[in-house]
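What follows is a single structure, written as structure tokens, with notes after it.
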Amino acid sequence: MAKYKFACADIGMECGFKTEAKSKEELMPKIVEHAKTAHNITEITPDLQKKVEGAIKKSMF
Ligand SMILES: [Zn+2]
């Protein structure tokens, strides 16, 4: 089973937040929630979305 991982540091944030989920669809809300609570980012712009998606790593097992 594949895993999708995201680390906040990968988009240039000085932040130790990391999260993972079984699908991108599950992962995105977690990232959005973190962005809101930790970074006060209430709006995910297309630019930021692209950045985030580019930073998501897929790994097997
Ligand atoms: Zn963060």
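The values are calculated or read from the model by the stated rules, or taken from the named source; none is laboratory data. Keep in mind it's a predicted model, so treat the numbers as computed, not measured. In this analysis, Cβ positions are derived from the backbone assuming ideal geometry, glycine residues included, and neighbour counts consider all displayed protein chains. The accessibility values were calculated without ligands, DNA or RNA, using every heavy atom of the protein model including side chains. Shrake-Rupley method; radii C 1.70, N 1.55, O 1.52, S 1.80 Å.
Below are the figures for this structure:
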read-out: For Lys58: the one exception among (1) in contact with a Phe, Trp or Tyr (Cβ under 8 Å, 6 or more places away or on another chain); (2) open to solvent by less than 100 Å² (accessible area, probe 1.4 Å); value: (2)
read-out: In the stretch 1-54, the residues that are β-branched (Val, Ile, Thr) and more than 10 Å from the ligand (Cβ to nearest atom); value: Val32, Thr42, Ile44, Thr45, Val52
read-out: Of all residues in the stretch 38-52 being of a type in the set (Val, Ile, Thr) and open to solvent by less than 100 Å² (accessible area, probe 1.4 Å), the one that is nearest to Glu20 (Cα to Cα); value: Val52
read-out: Selection count where residues are open to solvent by 60 Å² or more (accessible area, probe 1.4 Å) and either touching a strand residue (DSSP E or B) at 6+ places or on another chain (Cβ under 6 Å) or aliphatic (A, V, I, L, M) (or both), scope the stretch 1-26; value: 6
